[in-house]
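Colleague: First the structure, then my questions, so here it is.
The values are calculated or read from the model by the stated rules, or taken from the named source; none is laboratory data. Given the structure is predicted, the values throughout are model-derived calculations rather than measurements. Here the Cβ positions follow ideal geometry from the backbone for every residue, glycine too, while neighbour counts run over all protein chains shown. The area values use the complete protein model at the heavy-atom level, side chains included, leaving out ligands, DNA and RNA. Shrake-Rupley method; radii C 1.70, N 1.55, O 1.52, S 1.80 Å.
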Amino acid sequence: MRFLGNIEAKMDAKGRAFLPATFRKMLQAGGDERLVMRKDVFQACLVLYPEHVWNEQMDLMRQRLNRWNRREQMVYRKFVSEVELLTLDGNGRFLIPKRYQRMADIEQDIKFVGMGDTIEIWSCQNAEQQQMKPDEFESALEEFMGSAPQEQ
């Protein structure tokens with residue numbers, strides 16, 4: 001399952017948004033019915049995880065973090081406790097709770113960004129501000145990928 005591209009949308013007055021049809025179809029094809037939403041760790045956006053991807057992340061974190069280490073247990077607790085389990089209604093809508101709207105500076109105009117195995121939700125204004133400039137992107141891509149072994 002690979003969520004790709006970006007789609008602008010609007011949230012209604014009740015805080016509901018339609019999951020874009022292309023993403024909804026991919027979710028259904030993957031057999032997932034529920035999503036897990038949390039604020040991104042680094043940026044002012046929300047992240048939607050298909051339930052199986054979230055479970056994989058939980059398993060990976062549990063393997064890496066020692067439950068008998070106070071700090072590591074606090075990191076795990078913080079990561080897993082600030083989530084919302086979502087189920088799409090019959091029309092493909094879901095509710096973005098007010099506290100999540102505040103966390104991501106979302107008012108009405110939103111942008112869904114496919115990030116491979118997850119989907120980000122940005123306020124349209126924040127999405128534009130977080131984009132790399134074309135020359136920065138070119139330079140970073142060359143730096144990261146330029147020294148990679150060539151495929152044949």
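Colleague: Rounded to the nearest percent, how much of the accessible area of the chain (1.4 Å probe, protein heavy atoms only) is carbon and sulfur?
Modeller: Details: 5070 of 10290 Å².
Carbon and sulfur together cover 49 percent of it.
Colleague: Largest first, how would Ser81, Ser147, Ser123 line up by accessible area (1.4 Å probe)?
Modeller: Result, largest first: Ser147, Ser81, Ser123.
Colleague: Continuing with the same structure: Can you give me the Cα centroid spacing of region 78-135 and region 1-50 in angstrom?
Modeller: 7 Å
Colleague: Ok, one more. How much length, in nm to one decimal, is gained on full extension between Leu60 and Ala9, taken as 0.36 nm per residue of separation minus their Cα-Cα distance?
Modeller: Gain in length upon complete extension: 15.1 nm.
Colleague: As a test question: what accessible area, to the nearest 10 Å², does Asp109 have when a 1.4 Å probe is rolled over all protein chains in place?
Modeller: Using a 1.4 Å probe on the heavy atoms, I get roughly 70 Å².
Colleague: From the helices alone, meaning DSSP H stretches of at least four residues, give me the mean residue ellipticity at 222 nm for the chain, per-run term -39500 (n - 2.57), in deg cm²/dmol to the nearest 500. Don't skip to the answer; put the middle values down first.
Modeller: Details: 6 runs with 59 residues, N = 152.
Estimated from H runs of four or more residues: -11500 deg cm²/dmol.
Colleague: Another one. Shape verdict for region 88-132, please, from the Cα gyration tensor: rounded (a/c under 1.5), prolate (a/b greater than b/c) or oblate. It would help to have the intermediate numbers written out before the result.
Modeller: Details: a/c = 2.16, a/b = 1.28, b/c = 1.69.
Because a/c hits 1.5 or more and a/b fails to exceed b/c, region 88-132 counts as oblate.
Colleague: What shape does the chain have by the C-alpha gyration tensor, where a ≥ b ≥ c are the square roots of the eigenvalues, rounded means a/c under 1.5, and otherwise prolate means a/b greater than b/c and oblate the rest? Please list the in-between numbers first.
Modeller: On the way: a/c = 1.42, a/b = 1.07, b/c = 1.33.
Verdict is rounded for the chain.
Colleague: With every protein chain left in place, what is the accessible area of Arg67 in Å² (1.4 Å probe, nearest 10)?
Modeller: Taking all protein chains as shown, Arg67 has close to 130 Å².
Colleague: Given labels modelled 7 Å from the Cα in the Cβ direction, how far is it in nm from Met74 to Asn126?
Modeller: Result for the modelled spin labels: 2.5 nm.
Colleague: Let a ≥ b ≥ c be the square roots of the eigenvalues of the Cα gyration tensor of region 72-111; is it rounded (a/c under 1.5), or, if not, prolate (a/b larger than b/c) or oblate? Before the final figure, lay out each step's value.
Modeller: Working: a/c = 3.63, a/b = 1.61, b/c = 2.26.
Oblate.
Colleague: Largest first, how would Val53, Val80, Val41 line up by accessible area (1.4 Å probe)?
Modeller: Numbers: Val53 5, Val80 35, Val41 90 Å².
Solvent-accessible surface, decreasing: Val41, Val80, Val53.
Colleague: Measuring with a 1.4 Å probe in the full set of protein chains, what accessible area per residue, in whole Å², belongs to the chain?
Modeller: Values: 10290 Å² over 152 residues.
With the other protein chains kept in place, the chain gives 68 Å² per residue.
Colleague: Sorted by accessible area (1.4 Å probe), largest first, how do Trp122, Trp68 line up?
Modeller: Heavy-atom accessible area, descending, gives Trp68, Trp122.
Colleague: On a straight-distance basis, which lysines could pair with Lys10 in a cross-link, Cα separation under 28 angstrom, same-chain partners fewer than 8 positions away excluded?
Modeller: Here the lysines satisfying the reach criterion relative to Lys10 are Lys25, Lys39, Lys98, Lys111, Lys133.
Colleague: Keeping all protein chains in position, work out how much accessible area Glu82 exposes to a 1.4 Å probe, and write it in Å² to the nearest 10.
Modeller: 60 Å²
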